[in-house]
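Step one of this worksheet: look at the structure below.
The values are calculated or read from the model by the stated rules, or taken from the named source; none is laboratory data. Everything numeric in this text was worked out from a predicted model, so none of it was measured. Here the Cβ positions follow ideal geometry from the backbone for every residue, glycine too, while neighbour counts run over all protein chains shown.
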2 protein chains.
Amino acid sequence: MVPPNTFTGAQLDRAGPRRRDAAWVQERLHDPASRTLAVTRDGILVSGEEEPQLVRLPLELIPGGAGTTVLLGVEPDGSALFAVDVEHVHAHRPLTPGARVLGLREAGALLPQEVGGLAAYASALLGWHRTHAHCARCGAVTDVEDGGHVRRCPVCHGEHHPRTDPVVIMLVLDGDRVLLGRQPSWPRGRYSALAGFVEAAESLEEAVAREVLEEAGVTVRAPRYVSSQPWPFPSSLMLGFTAEYAGGEAAVLDGELEDVRWFTRAEVAAAAAAEASGTWEATDAGATLLLPPPLAIARRLLDGWLAGD
Amino acid sequence: MVPPNTFTGAQLDRAGPRRRDAAWVQERLHDPASRTLAVTRDGILVSGEEEPQLVRLPLELIPGGAGTTVLLGVEPDGSALFAVDVEHVHAHRPLTPGARVLGLREAGALLPQEVGGLAAYASALLGWHRTHAHCARCGAVTDVEDGGHVRRCPVCHGEHHPRTDPVVIMLVLDGDRVLLGRQPSWPRGRYSALAGFVEAAESLEEAVAREVLEEAGVTVRAPRYVSSQPWPFPSSLMLGFTAEYAGGEAAVLDGELEDVRWFTRAEVAAAAAAEASGTWEATDAGATLLLPPPLAIARRLLDGWLAGD
């Protein structure tokens, strides 16, 4: 059984209908039971070295100069949870003793499943505000509404919602072998699933076929959806597929990858075993396969394939 | 066998890598073999009453005052296909004799599968330009690049891509019955699948569970992806699921629906049969089920369920 994808599993009622009620949101902002997470461009505030925990601060501890505050939802204990952008205040004066900024990738790797999900949600929503203060329709500065889930333009009245960019990511399978690609910036030996943004008016299945053909010159059939994963760097939603090889010679085509090649199931299994036992080594020839990290849905797809799911 | 979803199947090489080459795009713009579709806010230009066909115009026929021109890609015969926003010029002087604007929903219903896909693609891409001329980061007017697939900010250098909003749409199944909902604005008797936008940092499976709980007060398990459909009104991507009923009493909760209720397989089958034979009638009691139109993925999901897929 492959574990759930990282960045899923936040245990929170997002309170979608209630957050449209501005009075209710205001009450939560002033409720002494409410807490807030604190987010910067680089990550999220945690405390504790060995077992880091998300810092949940009373809202009155947030200084006036802090950035946007958004309502994440209501926690299982009934208290409201917010997230605040402390980019410009935390560096000057730590908000609480012992707190430090943990990068979001590290948060996904180190924190319990559902806590990683919360960190991703807070980072994604505040990242959107950081880059979408203006109305794309008319350019005016927009107002924050619905607890931070809407920005509305006071000039043209355009309503703007957080952006989520769907990305297809796929294992191309041909019997006992899988097609993987490599980006030039990756650590030596690393290969991972092909991936790309879904384009305008394209089904997921069409995006899978187009990306594989564009990146690797290969045609596929029978795309099969496996699972999905939020990937808030800054706002992607990874949609994991397998697809069957149909034809063509695998080759690098579009310049984003430096190599594409087939790996046998035995090679992938050996790479997973070497990693698990700590015996993985980069060779001078660079031939030893380094799998994508467990954080990535690509690894879950490969683990699922190895497990025969 | 359920037919493919409407608005999929455009037969076109989107030329993703090549369109980044501005010189290549310019050559296509001046190639006498290139053609363009013509799009307005209300639909797309077609000719012919009985069997409407998309109007493909030589680019030199487009007057100077027309809006954004985007490269859709390369057609199977090797010629480039563009789309141009003629909102402000077509009303004054028809671009070509006999051409008329066909609404996009009608285009999806009347045109062959792959032609409907082209119409959706052209409308989605130009709709994005119509509402995203400004940089969301700084408010400046952005420049069109990559054949219309990127807008770049000359001030802050932000790069903006067409927006695609993922929406989950799901049949909640409980043995031989299905949970459907009804919006107040719909024709009498119509019920359809529950649906809602995927939120920031949420997996598709989490979005399915959240939306069903928010809209109908019901919990689900085992969400299963079925298929996807571009829904360019203006930029949604419908992600069709089934999910198994787990608990709760179905009731309207969030104000978007006016009713949610269970229908048996026999009721859904009777509605499909009545529609097919032209015997469907609204009763005074409003109790006769009117299924969503074949255009909608909700109908494909229901047809698939009836067919036992």
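Could we say that B:Arg151 is touching a Cys at 6+ places or on another chain (Cβ under 9 Å), surrounded by 15 or more Cβ atoms within 10 Å (Cβ to Cβ), within 13 Å of another protein chain (Cβ to nearest Cβ) and basic (Lys, Arg) here? Answer is yes for this residue.
Given the criterion at pLDDT below 95 and away from chain A (no Cβ under 14 Å), identify the matching residue among B:Ala273, B:Ala298. Step through it out loud before you land on a result.
On the way: B:Ala298 fails: at pLDDT below 95.
On inspection, the qualifying residue turns out to be B:Ala273.
Against the numbered list (1) of a type in the set (A, V, I, L, M, F, W, C); (2) more than 9 Å from chain B (Cβ to nearest Cβ); (3) closer than 26 Å to B:Val150 by Cβ, A:Cys138 comes up short only at (2). Whether a residue is of a type in the set (Asp, Glu), more than 18 Å from A:Leu179 (Cβ to Cβ), in the same structural domain as A:Ile169 (by TED's automatic domain parsing) and surrounded by fewer than 12 Cβ atoms within 10 Å (Cβ to Cβ) was assessed, and A:Glu281 passes this test. Just one of the numbered conditions (1) more than 21 Å from A:Gln53 (Cβ to Cβ); (2) outside the structural domain of A:Leu118 (by TED's automatic domain parsing) is not true of A:Phe7: (1). Scanning segment B:120-135 for residues that are at the interface with chain A (Cβ under 9 Å from one of its Cβ atoms) and either crowded, with 24+ Cβ neighbours inside 10 Å or under 22 Å from B:Gly240 (Cβ atoms) (or both) turns up B:Ala120, B:Tyr121, B:Ala122, B:Ser123, B:Ala124, B:Leu125, B:Trp128, B:Cys135. Condition first: away from chain A (no Cβ under 14 Å) and either aromatic (Phe, Trp, Tyr) or not in a strand (DSSP E or B) (or both). Can you find one or more residues in segment B:226-246 that meet it? Checking segment B:226-246: at least one residue is away from chain A (no Cβ under 14 Å) and either aromatic (Phe, Trp, Tyr) or not in a strand (DSSP E or B) (or both).
I'm checking my understanding of the structure. Among residues of segment B:99-119 that are among the aliphatic types (A, V, I, L, M) and under 27 Å from B:Val144 (Cβ atoms), which one is farthest from the other protein chains (Cβ to nearest Cβ)? Within segment B:99-119, the match that is farthest from the other protein chains (Cβ to nearest Cβ) is B:Ala99. Of the residues that sit in segment B:215-224 and are within 22 Å of A:Ser227 (Cβ to Cβ) and under 24 Å from the mean Cα position of the chain (by Cα), which one is surrounded by the fewest Cβ atoms within 10 Å (Cβ to Cβ)? Among them, the one singled out is B:Arg224. Restricting attention to segment A:111-146, the residues being of a type in the set (S, T, N, Q) and over 27 Å from B:Leu204 (Cα atoms) number 1.
Would you check which residues across segment B:65-80 are closer than 25 Å to B:Ala133 by Cα and over 20 Å from the mean Cα position of the chain (by Cα) and list them? Reasoning before the result, please.
Of segment B:65-80, the ones closer than 25 Å to B:Ala133 by Cα are B:65-73, B:80.
Within segment B:65-80, B:Gly65, B:Ala66, B:Gly67, B:Thr68, B:Thr69, B:Ala80 qualify.
So how many residues does segment A:1-20 have that are in a loop (DSSP other than H, G, I, E, B) and touching an Asp or Glu at 6+ places or on another chain (Cβ under 7 Å)?
Let us first name the residues in segment A:1-20 that are in a loop (DSSP other than H, G, I, E, B), namely A:1-12, A:14-17.
Then drop every residue that is not touching an Asp or Glu at 6+ places or on another chain (Cβ under 7 Å), which leaves A:2, A:8-12, A:14, A:16-17.
The qualifying residues number 9.
B:Val89 falls short on exactly one of the conditions (1) among the β-branched types (Val, Ile, Thr); (2) touching a residue at least 40 places away in the same chain (Cβ under 8 Å); (3) over 24 Å from B:Asp146 (Cβ atoms), and that condition is (2). Within segment B:181-196, being surrounded by fewer than 22 Cβ atoms within 10 Å (Cβ to Cβ) and part of a loop (DSSP other than H, G, I, E, B) holds for B:Gln183, B:Pro184, B:Ser185, B:Trp186, B:Pro187, B:Arg188, B:Gly189. Please work out if A:Gly108 is outside the structural domain of A:Pro234 (by TED's automatic domain parsing) and buried (at least 24 other Cβ atoms within 10 Å of the Cβ). Yes. The residues listed here are B:Ala243, B:Ala222, B:Ala195, B:Ala209; of these, the one that is among the hydrophobic types (A, V, I, L, M, F, W, C) and touching a Gly at 6+ places or on another chain (Cβ under 9 Å) is B:Ala195.
B:Pro293 meets each of the listed conditions (1) assigned to a strand (DSSP E or B); (2) of a type outside the set (A, V, I, L, M, F, W, C); (3) farther than 18 Å from B:Asp174 by Cβ apart from (1). Restricting segment B:1-17 to residues that are closer than 15 Å to B:Val70 by Cα and buried (at least 19 other Cβ atoms within 10 Å of the Cβ), the residue that is farthest from the other protein chains (Cβ to nearest Cβ) is B:Ala15. Close Cβ contacts (under 9 Å, 6 or more residues apart or on different chains) running from residues in segment B:185-201 that are assigned by TED's automatic domain parsing to the domain that holds B:Ala216 to residues that are part of a strand (DSSP E or B) and aromatic (Phe, Trp, Tyr) comprise B:Tyr191/B:Phe263; B:Ala193/B:Phe241; B:Ala201/A:Trp231.
Pairs are defined by a Cβ separation below 7 Å, a sequence spacing of at least 6 or placement on different chains, a first member in segment A:285-299 that is more than 12 Å from A:Pro3 (Cα to Cα), and a second member that is acidic (Asp, Glu) and at pLDDT 95 or above; the pairs so defined are A:Leu289/A:Glu267. Restricting A:Val178, A:Val168, A:Val172 to those that are touching a residue at least 60 places away in the same chain (Cβ under 8 Å), within 13 Å of another protein chain (Cβ to nearest Cβ) and not in a loop (DSSP other than H, G, I, E, B) reduces the list to A:Val168.
Across segment A:87-105, the qualifying residues are those that are modelled with pLDDT under 95 and assigned to a helix (DSSP H, G or I), and the one among them that is surrounded by the most Cβ atoms within 10 Å (Cβ to Cβ) is A:His90.
With in a loop (DSSP other than H, G, I, E, B), in contact with an Asp or Glu (Cβ under 9 Å, 6 or more places away or on another chain) and at pLDDT 95 or above as the only criterion, which of B:Glu206, B:Glu215, B:Glu199 stands out?
Answer to the selection: B:Glu199.
Taken over segment B:76-86, the residue count meeting the criterion of being of a type outside the set (Ser, Thr, Tyr) and surrounded by fewer than 18 Cβ atoms within 10 Å (Cβ to Cβ) is 3.
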